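The values are calculated or read from the model by the stated rules, or taken from the named source; none is laboratory data. As the structure is a prediction and not an experimental result, all values here were calculated from the model. Counting neighbours? That spans all protein chains shown, and the Cβs are built from the backbone with ideal geometry, glycine included. We work out accessible area using only protein heavy atoms, side chains counted, and drop any ligands, DNA or RNA first. Shrake-Rupley method; radii C 1.70, N 1.55, O 1.52, S 1.80 Å.
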Amino acid sequence: MQEHYRFEQVEAKWQKAWDALRAFEVREDDPRPKFYCLEMFPYPSGRIHMGHVRNYSIGDVLTRFKMMRGFNVLHPIGWDALGLPAENAAIKHGIHPRDWTLNNIAHMKTQLKRLGFAYDWSREISTCLPEYYRWNQWLFLKMFERGLAYRRKSWVNWCPQCRTVLANEQAQGGGCWRCETGVEQKRTDHWFLKITDYAEELLSGHERLQDWPEHVLLMQKNWVGKSTGTRLVFRVPALNAEVEVFTTRVDTIYGATFLVLSPEHPLVERLLEREDVPAGLKDWAARAVHESHTRRDPAEVVKEGRDTGLKAVNPFSGEEIPVWLANYVLMEYGTGAIMAVPAHDQRDCEFARKYGLPVRTVIEPESPQDAPAEGLAFEDTGRMVNSGPYSGQLSRDAVPEMNRLAEAKGFGRESTIYRLRDWGISRQRYWGTPIPVIHCPACGAVGVPYDRLPVEIPLEAPLTGTEGSPLEKVESFVRTECPKCGGPARRETDTMDTFFDSSWYFFRYASPGESARPVERGAAGHWMPVDLYIGGVEHAILHLIYARFFTKVFRDLGLAGVDEPFPRYLAQGMVTKDGAAMSKSRGNVVDPDACLGRYGADALRLFILFASPPEKEFAWNEDGIEGCSRFLHRLWKTVRDNGAVFAAEPPAEPAAADGSGLLKRTHRTIKRVTEDIEKRFHLNTAVSSIMELVNHVRRVGEELSDDAQGRAVLRRALEAAMLLLAPFAPHVCEELWEETGHGRPLVRSAWPAYDPALAAEEKATIVVQVNGKLKDRFEVPPGTPEDELRETALNLPKVRAALGRAPVKKTVCIPDKLVNIVAG
């Protein structure tokens, strides 16, 4: 065995050996239970960054661990390879997007292999290749046939910097998700996917996602935005028209003192055509529309409005109330019209006071102390007043009766609406999947026949960065014939949002060579759902909602039998340096290649897993990676110094009478590491336990090496350390495993077992106090981390009862002894 650990030689050797063994390739006919581990695939920007290293290292630990636990593990990788950066690079550097992308893929693939990740490279996919994006087109056509894909004129989010359309989800806060440029609005023909057909399923499916972070589920719930209430029709006699409103508070309708339309409401056009339209109303409405498209958050709007001079009839009371236009009502929410109840809605209250409109109280609080401060609307439920036949009733009791009356008389009904809007997928870009539609003057929009797929991205398109789709400038691409009538026609020149590509890629890994459909049903049935999905929380709304939507479409197309793609999702924290997220603009990027050259893959992997729990933010620290590198060198020296224990035939399990405590420590470490990985994903504490085991070996190794029993204990401990550390630092562990005489590669070896009796932990009794007073006790293993102590204490029933609604100001933990909760 070499005296010193030469990571360059060791890592290159084992990466080559794993390739030769085809160690990570899997088949569906393997009798072992399946496990599908997947990290979000990367965009091939040119070089991997530390966020990639962290994400993929987490997945690699789980993959190798499950392999050692006897699972047939699918761990694939691919490339999210279409998108705007390739076009920008083409314009800036004069290189074709295809060449730029494929060159980047080649380089990044080399980087990932250098890190020793256990990928099944035989299943590699690239979304920029026709053999992948033909299935985007196939899926689009299936949705088109079912009415799930459709085209209509629409105001769309337009990024002037990227020169393309953005989905609502990509323009949150009024800025482009990619470059943060202020988003403008354009009215254009646009292709949509009818994700709203699945709105209820996207919410109810959360019941199957118990292993998702709660905050991610909440973000999705708020984005889908379900509201249950009442649809009501207000007649506008002067226009012989009806206006439908949606309200969650039908009990307040007797307090509706005016009706408000969005400036974009369909009725406004008719209203403005009247001869008696109020002076200045047209100009004001046009300005309000423009401003609403450049400032999308209604909460930020300085409320303005204009009286239209029209009246609407309250369907319950018969009262005529004025119709106003106002900028705080947006067409994209609800019906684009509201009944304004200023006494019981704060926005309406502010608007009414500004313009001197009446404020009529129709709900009074049940208790005087619930009354609002002066000038504020009372927005809670209570007892109805000034409400005709409903006066005196509790508002919550009157709602069902009012809904029944509205439905019986034909002016309303109970209803549910969603904030979610259909997904606009049209992009005026080049490097994306061409939408497979042909526009015929006689036949309209016609899908490209399936046997003519893929519609390939033409390589000769001019890329200038000017407005409009580059594809429309390629005459040979645009001019075609109608598949129905054979007449001259034009090909659709919009390309698909690249989130389309990433909404189903996890299915393709199951059968990447399938040539008849996006995924072979049997392979999908075997591998899906993904057992563990790992990626950043920034994808909680965009990618994860779209992927869930596509999975339900796959089910309905008969391609798969699952409702949810990712029952378990791990949202890993970002990597920071100097207190901020790593980015080129901040100048705080750490180059993984430089770390690999200086410390090696195992040290980098170990540090990025050891320094923080996976779901928490990870702060880069050069001293930390140096410490992990020193640990690997110590491990190497420890195994070399105790090489004699591996010379003889391995003994039976050593006796428990071990004065050094090493045997018990070994079994406890196996138990802790197993549970930390399998149950809690506490990879950092797993590494810490392994380090403690190795340090214990170093302390007692010389003492134990004097007799056969001691040497057997040493051998057991060192073998356990190598096996436990293998998912984290696989190269060095493989080398040590081989050097200590083990014929079977470690990658084919089983995870170590522990004896429950030997692994039994000593217990520490933790006293729990609330504001210094004893409330409860609980037992934990010695050395339990403070965050676990705090979490356990706060969830004790007696502690929860003592706290009531009092906020927790701080907790004081004394390890192995006390948790004191300061509240009030």
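Structural remarks
- Spin-label pair SER317/ALA801, simplified geometry with 7 Å Cα→Cβ offset, distance in nm: 5.0 nm
- Working from Cα pairs under 8 Å separated by at least six residues, relative contact order for the chain is 13 percent.
- Here the simple spin-label model places points 7 Å from the Cα toward Cβ, and for THR464 and LEU21 these points are separated by 5.7 nm.
- Global geometry of the range 452-504, whether rounded, prolate or oblate, following the gyration tensor of its Cα atoms and the 1.5 cut on a/c: oblate
- A simple count of charges around TRP737, restricted to other residues whose Cβ falls under 15 Å of its Cβ and scoring Lys, Arg +1 and Asp, Glu -1, yields 0.
- For SER583 and ASP707, the FRET efficiency from 1/(1 + (r/R0)^6), where r spans their Cβ atoms and R0 equals 45 Å, is about 0.20.
- Under-5 Å amide H pairs with ILE48, H placed in peptide plane, nonlocal only: none
- Per residue, the range 87-156 exposes an accessible area of 42 Å² to a 1.4 Å probe, with every protein chain left in place.
- Taking the average, over residues, of other Cβ atoms within 10 Å as the packing measure, peptides 553-565, 130-142 rank 130-142, 553-565 from highest down.
- Estimated vicinal HN-Hα couplings, Hz - the range 575-582 in sequence order (Karplus 6.51, -1.76, 1.60; Gly, Pro = x): 9, 10, 8, 6, x, 9, 4, 5
- Spatially proximal lysines relative to LYS664 (Cα-Cα < 19 Å; intrachain offsets below 8 disregarded): LYS763
- The range 478-573 - percent relative contact order, Cα under 8 Å, separation 6 or more: 27 percent
- Dividing the mean sequence gap of close Cα pairs (under 8 Å, 6+ apart) by how many residues the range 695-824 holds gives a relative contact order of 18 percent.
- DSSP bridge pairs, the chain: antiparallel proportion in percent, nearest 5: 75 percent
- Taking only protein heavy atoms and a 1.4 Å probe, the accessible area of the range 271-382 is 47% carbon and sulfur.
- The range 1-78: C-alpha gyration tensor shape, a/c 1.5 cut-off, then a/b vs b/c: oblate
- Cα-based helix-to-principal-axis angle, 7-21 vs the chain, degrees rounded to 10: 70 degrees
- Compared with the dominant principal axis of the Cα atoms in the chain, helix 683-704 is inclined by about 10°.
- Measuring how big the range 200-290 is from its alpha-carbon positions, Rg and Dmax come out at 19.6, 61 Å.
- Computed over the alpha-carbon pairs of the range 652-785, the distance histogram in 10 Å steps reads 11, 37, 32, 12, 5, 2, 0 percent, short to long.
- Packing here is the average count of other Cβ atoms within 10 Å per residue, and on that basis the peptides 492-501, 312-321, highest first, run 492-501, 312-321.
- Burial ranking of peptide ranges 230-236, 264-270 (average Cβ count within 10 Å, highest at the top): 230-236, 264-270
- Ellipticity at 222 nm from helices only: DSSP H runs of n ≥ 4 in the chain, each -39500 (n - 2.57), divided by the residue count, give -11000 deg cm²/dmol.
- Entry for Cα extents along the principal axes in Å (calculated from the structure that is shown) out of (i) 106, 78, 48; (ii) 122, 67, 43; (iii) 113, 57, 52: (i)
- Table column - 3J(HN,Hα) (Hz), the range 628-641, Karplus curve with 6.51, -1.76, 1.60, x for Gly and Pro: 5, 5, 4, 4, 5, 5, 5, 4, 4, 5, 5, 5, 5, 5
- Residue-span extension gain [ASP641 to ALA753] - 0.36 nm each, minus C-alpha spacing: 37.8 nm
- The calculated FRET efficiency for the pair CYS443 and ASP380, based on their C-beta separation and a Förster distance of 35 Å, comes to about 0.05.
- Stretchable slack from GLU481 to LYS13, in nm (0.36 nm times residue separation minus alpha-carbon distance): 162.8 nm
- Gained length - TYR333 relative to GLU678, 0.36 nm times residue gap less alpha-carbon distance: 119.8 nm
- Cross-link pairs exceeding 20 Å between alpha carbons, from the set LYS13/LYS113; LYS282/LYS303; LYS142/LYS484; LYS194/LYS484; LYS153/LYS473: LYS194/LYS484; LYS153/LYS473.
- What the phi angles of the range 212-222 give under the Karplus curve with 6.51, -1.76 and 1.60, with θ = phi - 60°, is a coupling list of 9, x, 4, 5, 5, 4, 5, 4, 5, 4, 5 Hz, glycine and proline written as x.
- Close amide-amide hydrogen proximity is noted between ASP120 and HIS75, ILE77, each under 5 Å apart and 5 or more residues distant or on a separate chain (H modeled in the peptide plane; Pro and chain starts excluded).
- Relative to the longest principal axis of the Cα atoms of the chain, the long axis of helix 730-739 makes an angle of roughly 20 degrees.
- GLN346/ASP99 FRET efficiency (R0 60 Å; Cβ-Cβ; nearest 0.05): 0.60
- When only alpha carbons are used to place a centre, the range 65-128 and the range 663-715 end up 37 Å from one another.
- Cα gyration tensor, the range 520-649 - rounded (a/c under 1.5), prolate or oblate: oblate
- Estimated inter-spin distance, ARG568 and ARG521, nm [label 7 Å along Cα→Cβ]: 2.9 nm
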